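Written below as structure tokens is the structure these notes are about.
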Amino acid sequence: MTAAAKIKTWYLVHKWTSLVSTLFLLVICITGLPLVFHHEIEDLLSDGKPVAELPAGTPNAPLDRLVAKAQALYPTEFVDYVYLDDDEPQAYVGMVPKLGDGINSGHAVRLDARTAEVLEDGPTYASDRFSFMGIMLALHTDLYAGLAGELFLGLMGLLFVVAIVSGVVLYGPFMKKLEFGTVRASRSTRVKWLDLHNLLGIVTLVWAFVVGFTGAINELSTPLFRLWQSSEMPALLAPYQGKPIPTELASPQLAMENALAAVPGRELTSMSYPGNAYGSPHHFVAWLRGDTPLTSQLHTPVLIDAVTGQVAKVAQMPWYLTALEVSRPLHFGDYAGMPLQILWALLDLATIVVLGSGLYLWIARRRANDARIAELVRRHQAAGEPQRSPA
Amino acid sequence: MSPPSRLEGEYRSAQGRFLFVWGMPLLLAALSIFGLLAALLGTGVWHWASWIALAWLLVVIARYWIRPRER
């Protein structure tokens, strides 16, 4: 392909991947703004109580006590999971009216992890989907269409990544004679916004690429977990064949202690109960995290026989779940305090400007844009020199 | 009249032309990667390094947006 034809091809790639994905990405970027601060906003909107003021280092209550408190509120229901918040000393006990139905009918009780006092009796996840943050999350992740919506928005994320790559390729010929950061503000509005589109696009390139790509990976979390369960579980579940999900369970505190003893130097993030959608029908699954900045993002699942409380297996995370776990902080921007969250929001705003200006450039002056490409092509043909590919 | 422009691209060496277009983008890309990883792999001072590195991107945007560099 000649240099001119290459530019034309990359321009078409950039135009079409952008056009198809831009409206969805604008929705994703705008809903992403409150989601960056979801912890803070949820605290603000919550009508529950805050955790008690206790000296640092006050030990947690045994899991049995936390679970018993939640169970007392819902005596006929089943425990789905226990999750220990790593930001605040509080625990969430997930409850389900019917075993294995957590996604539809589940809800969680929030407790002070040290005193086991009930702080908030949360709504069902299904009704929470229509709270302010629930709407933001649905528009950001699945458009209320479940797995199909997740895969669709994941695909939009991949188109965004292709748009970024093709945009970088076009940056080369566009900027051949323009110094970095040139904004021809005194020329037409279109030229000014073309320059700003190029400037903001190239400056936010790596951030947008990483957040876009890790976002697409996050949209695959449901099938990736299913894949792991189907490869890990059959051998472990063979001895239990034909048995129902047990309801007379071992002490969760004992299960946690056995899991921690099996993998020293770890902490419990959460424990799935038998029948949990991301667990096993016959085991507690203790999700243990490490104690360094990176390994605190990575979990080792320990399977514990739900009736005896003994460790059945320390499972290995396959590479694709490790990739998923690393891509979470890199997408959420929640791994270095409030300053990083603010930077995430500002870089998100910059991306909104890139998307909006891209759309404007296409709508307002389609013809002028095409003429500019024709001009670049003509110039390359006239120069007759081989164009080094910048990619 | 403006002083002789530094950007007579065509007369420069291939390396000069490459750096003229890609020098700053490569620098900012390296800064971004450092900023994203520093906070993921370290704590304390590495968090500060990460905040500064990523904030620098916004400073660059503001610098050229507010006071455009004309051709």
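We did not get these values from a lab; they are worked out from the coordinates using the rules stated. Source: prediction; values computed, not measured. In this analysis, Cβ positions are derived from the backbone assuming ideal geometry, glycine residues included, and neighbour counts consider all displayed protein chains.
The charge dipole of the stretch A:243-360, taken about its Cα centre with unit charges on the Cβ atoms of Lys, Arg (+1), Asp and Glu (-1) only, comes to about 200 debye.
Ranking A:Y144, A:M95, A:A250 by how far each Cα lies toward the positive end of the dipole of the protein assembly as shown (charges on Cβ) leaves A:Y144 at the top. Dipole check for the stretch A:1-144: with +1 at the C-beta of Lys and Arg, -1 at the C-beta of Asp and Glu, and the Cα centre as origin, the magnitude is about 1000 Debye. The fewest-to-most ranking of A:E375, A:E150 by surrounding Cβ atoms within 10 Å reads A:E375, A:E150.
If you add up the charges near A:T300, with Lys and Arg at +1 and Asp and Glu at -1, over every other residue whose beta carbon is less than 15 angstrom from its beta carbon, what do you get?
On the way: positive: A:R266, A:R289, A:K313; negative: A:E232, A:E267, A:D291, A:E325.
Once all neighbours under 15 Å are counted, the net charge is -1.
Residue by residue, the stretch A:83-89 carries 3J(HN,Hα) couplings of 10, 9, 5, 8, 8, 10, x Hz when phi is fed to the Karplus relation 6.51 cos²θ - 1.76 cosθ + 1.60 (θ = phi - 60°); x denotes Gly or Pro. The stretch A:237-304 and the stretch A:117-153 have Cα centres separated by 25 Å. Among the lysines of chain A, pairs at least eight places apart or on separate chains and with Cα atoms under 21 Å apart come to 13. Note on the stretch A:45-88: semi-axes of the ellipsoid equivalent to its C-alpha gyration tensor, largest first and rounded to whole Å, are 22, 15, 10. Charge dipole (Cα centre; +1 on Lys/Arg Cβ, -1 on Asp/Glu Cβ; no other charges) of chain A amounts to roughly 2840 debye.
As a proxy for reagent exposure, ranking B:I66, A:I103, A:I304 by other Cβ atoms within 10 Å from fewest up yields B:I66, A:I103, A:I304. Note on the stretch B:12-66: the C-alpha convex hull projects to 4.6 nm² when averaged across all orientations. Close amide H partners of A:L119, meaning residues 5 or more places away or on another chain with modelled amide H under 5 Å apart, are A:R110, A:L111, A:D112. The 3J(HN,Hα) values that the Karplus relation (6.51, -1.76, 1.60; θ = phi - 60°) gives for the stretch A:244-255 are, in residue order, x, 4, x, 10, 8, 9, 5, 5, x, 4, 4, 4 Hz. Gly and Pro appear as x.
Springs between Cα atoms under 10 Å define the GNM used for chain A, and in it the highest mean-square fluctuation of A:T204, A:T269, A:T292 occurs at A:T292.
Expressed per residue, the C-alpha convex hull volume of chain A stands at 170 Å³. How much of the pair distance distribution for the stretch A:1-158 lies past 19 Å, counting alpha-carbon pairs only, in percent? Result: 66 percent of Cα pairs exceed 19 Å. In order along the stretch A:117-131, the phi-based Karplus estimate (6.51 cos²θ - 1.76 cosθ + 1.60, θ = phi - 60°) of 3J(HN,Hα) comes to 6, 6, 9, 7, 9, x, x, 5, 4, 4, 7, 5, 5, 10, 6 Hz; Gly and Pro are listed as x.
List A:M156, A:M338, B:M24 from most exposed to least, where exposure is judged by having the fewest other Cβ atoms within 10 Å. Intermediate values should be presented prior to the final figure.
Working: A:M156 22, A:M338 12, B:M24 17.
By the 10 Å Cβ count, ascending: A:M338, B:M24, A:M156.
Binning the alpha carbon pair distances of the stretch A:207-247 at 10 angstrom intervals from zero yields the distribution 24, 30, 24, 14, 9, expressed in whole percent. Of the residues A:P239, A:T222, B:A29, the one whose Cα sits farthest toward the positive end of the charge dipole of the protein assembly as shown, with +1 on the Cβ of Lys and Arg and -1 on the Cβ of Asp and Glu, is B:A29. Rounded to whole Å, the principal axis extents of the Cα atoms in the stretch A:109-173 read 63, 28, 18, largest first.
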